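J.: This is the structure I have questions about; it appears just below.
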Amino acid sequence: MLDNFNFRIIFEYLPLFLNGLKFTFLISLVALFLALITGIIACACRISSIKVLKYPVIAYIEIIRSTPLLVQIYFLYFGLPTLGIRVPEIQTGIIALMLNSGAYIAEIIRAGINSVDQGQIEAGLSSGLNYVQRMRFIILPQALGVTVPPLLGQAIVLVKDTSLLSLISVVELTRSGQTMTSERFMPSEAFLTVAFFYMCIYFCLKALADWSQRKLIFREAY
Amino acid sequence: MIEFKGVNKWFDKLHVLNQINLMIPKGEVLVICGPSGSGKSTLIRCINKLEPIQKGEIIVNEMSVHKPTTNLTKLRAEIGFIFQQFHLYPHMTALQNIMLAPVNVKKITKVEAEKIARQKLERVGLSEKADSYPAQLSGGQQQRVAIARGLAMSPEIMLFDEPTSALDPEMIGEVLDVMVSLALEGITMCVVTHEMGFAKKVADRVLFMDEGKIIETGKPTDFFDNPKTERAADFISKILTH
């Protein structure tokens, strides 16, 4: 099968792919950073006992989790202009990824916080530490160890999700493949190359996840 | 020092504390025993409001514990609480475990807190374990660090919730020795335990609970040798034969 592949064409189109890779990388990085902030804020609201913070965030998380990302992207892409908000495609894409991953990250952080033994909270309570002090010194340091690996898992999902932005004509890695396909009609070569670059990003993040798993999980208490 | 006035508590329909009236004077060492599910742990957990109550009032040092306006931080800082499962912070060394509350609640300097922490570790015989993490310590050592952590806040009251129940038999002695020395120092103590040796040696009073009620109280010798109620006699005969 590989005999039929035209590898020369890949090298010819390499600048196009590298440009796509650059945008996939940058979009992922910005979206991930914003999603982390969204997730932290959403999680703080989600576990708060203040109802006006808690219930809207529950609605947000449930809406995101119950609908496909592509629908969310289309909704923002076609919906925002009808509301009179004109945003370039790339920003629309970043907003969609931020909102989508933010909801999942909020739940990942919440799971991490909930995984901390109730006894730890009681120990903090009984020595007079207030809510912020318990969070900062007792709960978050322990939650971090169990939160980082799934967070990196979510980062991997986010990188692959950026491929959906090709459907709203954002120039990124998948779009580069489509461009080459439409110009030279060599879809196998094009998407093999695209897949290869996604794999490169994946293995980098996976190495980071494995490393963090070894470094960050704290010793068991008992 | 600690006073229960008609305290009632329910877990849904289960009446865990039924009309508790109790006075614990300053310096008393009170041992609370009874079958599991009798409400003894719940009773001491109400003293520093780890559990809410539905009816009645608990007064500690003239503060009404369950009144919403009570300064809980101040109250809890005066009460040390020792858990069955120790609950040391696993990501901190023994020393850091002990220093956390004095530095952040009492707002003393780190230098001073470390001095106090080292004193308290020495007090429980674990000076050389200051930089060990909880996972590197045996159960008995962890519980002694937990006691040192409680003592570092110089509490007037220490509450113990089955402090030796999670320990291997050979480690119970080292924890009880620390508790005996505390009792002899005159600190007010409420201890939920079945360790009768401890009760006989240092308790001023034994309180027997069943089904959320205080069934019987008395001096340890009277209670263990001549229980007044049949329920208590039955309980004592059962823990003695094992």
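J.: Kindly list the number of the only condition in (1) more than 20 Å from A:Glu122 (Cα to Cα); (2) under 14 Å from the mean Cα position of the chain (by Cα); (3) surrounded by fewer than 23 Cβ atoms within 10 Å (Cβ to Cβ) that fails for B:Val175.
T.: (3)
J.: Which residue, of B:Glu28, B:Glu51, is surrounded by fewer than 20 Cβ atoms within 10 Å (Cβ to Cβ) and within 12 Å of B:Leu207 (Cβ to Cβ)? Spell out how you get there, then give the answer.
T.: Working: B:Glu51 fails: within 12 Å of B:Leu207 (Cβ to Cβ).
That would be B:Glu28, the only listed residue that is surrounded by fewer than 20 Cβ atoms within 10 Å (Cβ to Cβ) and within 12 Å of B:Leu207 (Cβ to Cβ).
Residues are listed down the side, and each one gets a yes or a no for (1) in contact with a Pro (Cβ under 7 Å, 6 or more places away or on another chain); (2) at pLDDT below 90:
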residue	(1), (2)
B:Lys40	no, no
B:Cys46	no, no
B:Met63	no, yes
B:Thr73	no, yes
B:Arg76	no, no
B:Gly80	yes, no
B:Gln85	no, no
B:Leu88	yes, no
B:His91	yes, no
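J.: Okay, moving on. Using beta carbons and a limit of 6 Å, which pairs, at least six apart or on different chains, have the first residue in region B:1-24 and assigned to a strand (DSSP E or B) and the second one basic (Lys, Arg) and surrounded by fewer than 15 Cβ atoms within 10 Å (Cβ to Cβ)?
T.: Qualifying pairs under 6 Å: B:Asn8/B:Lys55.
J.: Further question on the same structure: Please verify whether B:Ala183 is touching a residue at least 12 places away in the same chain (Cβ under 8 Å), crowded, with 18+ Cβ neighbours inside 10 Å, more than 14 Å from every other protein chain (Cβ to nearest Cβ) and part of a helix (DSSP H, G or I), treating the condition exactly as stated.
T.: yes
J.: Quick check on this structure: which one of B:Asp234, B:Asp210, B:Asp177 is among the acidic types (Asp, Glu), modelled with pLDDT of 90 or more and under 17 Å from B:Val29 (Cβ atoms)?
T.: Selected residue: B:Asp177, the only one of B:Asp234, B:Asp210, B:Asp177 that is among the acidic types (Asp, Glu), modelled with pLDDT of 90 or more and under 17 Å from B:Val29 (Cβ atoms).
J.: Please find, among A:Leu16, A:Leu34, A:Leu76, the residue that is surrounded by 16 or more Cβ atoms within 10 Å (Cβ to Cβ), closer than 23 Å to A:Lys160 by Cβ, at pLDDT 95 or above and not basic (Lys, Arg).
T.: A:Leu34
J.: How many residues does region B:162-179 contain that are more than 14 Å from B:His194 (Cβ to Cβ) and assigned to a loop (DSSP other than H, G, I, E, B)?
T.: 1
J.: Would you be able to say whether some residue in region A:190-197 is of a type outside the set (Ser, Thr, Tyr), under 16 Å from A:Phe23 (Cα atoms) and under 17 Å from the mean Cα position of the chain (by Cα)?
T.: no
J.: While we're on this one: Only one of (1) in a loop (DSSP other than H, G, I, E, B); (2) at the interface with chain A (Cβ under 9 Å from one of its Cβ atoms) fails for B:Arg76. Which number is that?
T.: If we test B:Arg76 against (1) in a loop (DSSP other than H, G, I, E, B); (2) at the interface with chain A (Cβ under 9 Å from one of its Cβ atoms), just (1) comes out false.
J.: Shifting gears a bit: Quick check on my filter: what residues within region B:55-73 are part of a helix (DSSP H, G or I) and either buried (at least 22 other Cβ atoms within 10 Å of the Cβ) or touching a strand residue (DSSP E or B) at 6+ places or on another chain (Cβ under 6 Å) (or both)? Quick ask: steps written out before the conclusion?
T.: Residues of region B:55-73 that are part of a helix (DSSP H, G or I), as a first pass: B:72-73.
The answer is none; no residue qualifies.
J.: Looking at region B:79-135 only, could you name the residues that are of a type in the set (Ser, Thr, Tyr) and either touching a residue at least 40 places away in the same chain (Cβ under 8 Å) or assigned to a helix (DSSP H, G or I) (or both)?
T.: B:Tyr89, B:Thr93, B:Ser127, B:Tyr133
J.: Consider B:Ser237 against the criteria (1) surrounded by 15 or more Cβ atoms within 10 Å (Cβ to Cβ); (2) assigned to a helix (DSSP H, G or I); (3) of a type in the set (Gly, Ala, Ser): it satisfies all of them except one. Which criterion is unmet?
T.: B:Ser237 satisfies all of (1) surrounded by 15 or more Cβ atoms within 10 Å (Cβ to Cβ); (2) assigned to a helix (DSSP H, G or I); (3) of a type in the set (Gly, Ala, Ser) except (1).
J.: Shifting gears a bit: So which residues in region B:124-164 are among the small types (Gly, Ala, Ser) and either within 13 Å of chain A (Cβ to nearest Cβ) or surrounded by 22 or more Cβ atoms within 10 Å (Cβ to Cβ) (or both), if there are any at all?
T.: B:Ser132, B:Ala135, B:Ser138, B:Gly139, B:Gly140, B:Ala146, B:Ala148, B:Gly150, B:Ala152, B:Ser154
J.: Look at region A:100-149 and say how many of its residues are of a type in the set (D, E, K, R) and either within 8 Å of chain B (Cβ to nearest Cβ) or under 26 Å from B:Gln84 (Cβ atoms) (or both). Talk me through it step by step, then tell me what you get.
T.: Kept after step one, since they are of a type in the set (D, E, K, R), are these residues of region A:100-149: A:107, A:110, A:117, A:122, A:134, A:136.
If we keep only those that are either within 8 Å of chain B (Cβ to nearest Cβ) or under 26 Å from B:Gln84 (Cβ atoms) (or both) as well, we get A:117, A:122, A:134.
Result for region A:100-149: 3.
The values are calculated or read from the model by the stated rules, or taken from the named source; none is laboratory data. Computed from a predicted structure; not experimentally measured. All Cβ positions, glycine included, derive from the backbone under ideal geometry; neighbour counts span all protein chains shown.
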